[in-house]
1. Could you please give the count of residues in region 363-415 that are assigned to a helix (DSSP H, G or I) and over 30 Å from residue 235 (Cβ atoms)?
2. Just to be sure, is residue 192 away from the ligand (no atom under 16 Å from the Cβ), over 23 Å from the mean Cα position of the chain (by Cα) and in contact (Cβ under 8 Å) with a residue 60 or more places away in the chain?
3. Does residue 159 meet the test of being away from the ligand (no atom under 16 Å from the Cβ), under 17 Å from residue 297 (Cβ atoms) and touching a strand residue (DSSP E or B) at 6+ places or on another chain (Cβ under 7 Å)?
4. Given the conditions (1) in contact with a helix residue (DSSP H, G or I) (Cβ under 7 Å, 6 or more places away or on another chain); (2) buried (at least 16 other Cβ atoms within 10 Å of the Cβ), report the number of the one that residue 242 does not fulfil.
5. How about region 310-333: which of its residues are modelled with pLDDT of 95 or more and part of a loop (DSSP other than H, G, I, E, B)?
6. State all residues of region 79-123 that are part of a loop (DSSP other than H, G, I, E, B) and either in contact with a helix residue (DSSP H, G or I) (Cβ under 6 Å, 6 or more places away or on another chain) or not assigned by TED's automatic domain parsing to the domain that holds residue 202 (or both); if no residue qualifies, say none.
Ligand code: HEM
């Protein structure tokens with residue numbers, strides 16, 4: 001009977017393109033094979049420009065934030081009596097603590113610079129359109145998580161802006177009808193911003209930061225299913241339209257990352273506090289309100305929208321809606337043409353939107369008085385008009401420029 005025994009082959013071991021130890025691992029856990037397929041031979045449109053390096057730059061920023069954050073977390077004390085001093089100790093006594101903290105602080109700003117450029121690129125080349133809608137929505141979720149992480153992180157040094165910023169922002173929830181005050185007390189875990197809030201800010205700052213990594217993984221998987229869009233907005237049709245990711249994009253990304261890091265280092269070593277607020281070097285004092293409570297620069301456009309609306313509840317809704325409604329852009333924009341290169345009217349709408357964003361940023365930094373309030377109102381009206389009026393109408397009625405037949409044809413024309 002034993003001679004009749006034939007094992008059923010269930011194991012998939014074998015077939016690795018690698019040899020040696022790598023082949024041995026790859027046969028059992030095909031990670032090297034996946035990396036080869038997705039990051040070496042992976043085909044990308046041949047006309048990707050430097051704006052397409054910002055996804056990689058964002059990954060670099062995220063990794064830097066997590067590594068420096070973990071080190072800071074080893075020395076930080078989440079206690080209202082110790083937090084401010086523990087940060088000062090990091091700056092003065094911990095070996096290279098000043099460097100780790102300044103990298104973390106400044107990279108937070110550079111992370112937002114990179115994400116705004118990355119989002120602008122998506123908007124300009126119509127990357128949010130079919131079939132990349134889900135990638136865009138993951139992007140909006142990442143952006144919201146980045147905002148939450150940055151807000152909570154800013155609370156941790158327990159300076160004047162940490163305390164008063166947290167008080168102003170958490171109080172916004174009191175605008176919710178009926179349950180508002182109960183929600184605010186729940187968020188604080190107390191009857192004011194204090195030790196309980198500082199502790200939860202610390203825990204959530206970490207948790208959401210790691211959550212971003214998870215959503216980025218989905219964002220990138222979705223990207224590798226649809227492939228990248230490109231500046232012409234037309235899909236590749238044959239091998240003349242594509243190149244392999246390595247070495248072409250990897251080298252380009254390295255040059256872009258080098259330039260990004262160079263500018264970052266100039267800020268880091270010569271102007272490390274330029275993007276921060278001096279009041280945050282004053283210990284939190286619940287009995288003394290600062291003259292102007294201003295959020296970090298990357299929140300300013302949304303702060304301007306909040307203050308533009310006289311009603312608190314509608315202000316909060318407008319501020320949140322300004323971001324969340326971008327998730328609907330793939331369905332609001334009715335044009336089948338993706339890239340602004342071939343959309344003469346929409347291109348202007350997008351550039352005016354960029355100007356609007358910068359004007360709102362300026363108004364957000366100014367006191368809530370005239371003429372800034374009126375300008376913020378006009379800016380807010382354009383923001384929502386851009387999404388809900390211009391995107392559908394321009395998409396429907398605009399006459400676009402003739403589209404190229406292929407990516408390589410679009411490149412021949414531009415040279
Ligand atoms: C931590 C933040 C983020 C990381 C690490 C990240 C990473 C990436 C990477 C690696 C790519 C491919 C390379 C590239 O096209 O640049 C990409 C593409 C893309 N991302 Fe992100 N992303 C982030 C945030 C966002 C946000 C906030 C949005 C928009 C709301 C967004 C929308 C997109 C879109 C639409 C594409 C495809 C672009 C195209 O093919 O033209 N991403 N992202």
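The values are calculated or read from the model by the stated rules, or taken from the named source; none is laboratory data. All of these numbers come straight from a predicted model, not from anything done at the bench. We place every Cβ from the backbone using ideal geometry, glycine too, and count neighbours over all the protein chains shown.
1. Initially, region 363-415 is screened for residues assigned to a helix (DSSP H, G or I), giving 363-365, 372-397, 407-414.
The next check asks that each one be over 30 Å from residue 235 (Cβ atoms); those that pass are 363-365, 372-385.
Qualifying residue count, region 363-415: 17.
2. Numbers: away from the ligand (no atom under 16 Å from the Cβ): yes; over 23 Å from the mean Cα position of the chain (by Cα): yes; in contact (Cβ under 8 Å) with a residue 60 or more places away in the chain: yes.
Taking the combined requirement at face value, the residue satisfies it.
3. yes
4. (1)
5. Scanning region 310-333 gives a single hit, 333.
6. Those that are part of a loop (DSSP other than H, G, I, E, B) and either in contact with a helix residue (DSSP H, G or I) (Cβ under 6 Å, 6 or more places away or on another chain) or not assigned by TED's automatic domain parsing to the domain that holds residue 202 (or both): 80, 94.
So that you can scan it fast, the table gives a plain yes or no per residue for (1) farther than 30 Å from residue 274 by Cα; (2) away from the ligand (no atom under 13 Å from the Cβ); (3) surrounded by fewer than 16 Cβ atoms within 10 Å (Cβ to Cβ):
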residue	(1), (2), (3)
58	no, no, no
63	no, no, yes
96	no, yes, yes
113	no, no, no
125	yes, no, no
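Yes or no, residue by residue, for (1) touching a residue at least 40 places away in the same chain (Cβ under 8 Å); (2) closer than 21 Å to residue 297 by Cα:
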site: 333; (1), (2): yes, no
site: 341; (1), (2): yes, no
site: 345; (1), (2): yes, no
site: 350; (1), (2): yes, no
site: 356; (1), (2): no, yes
site: 361; (1), (2): yes, yes
site: 368; (1), (2): yes, yes
site: 401; (1), (2): yes, no
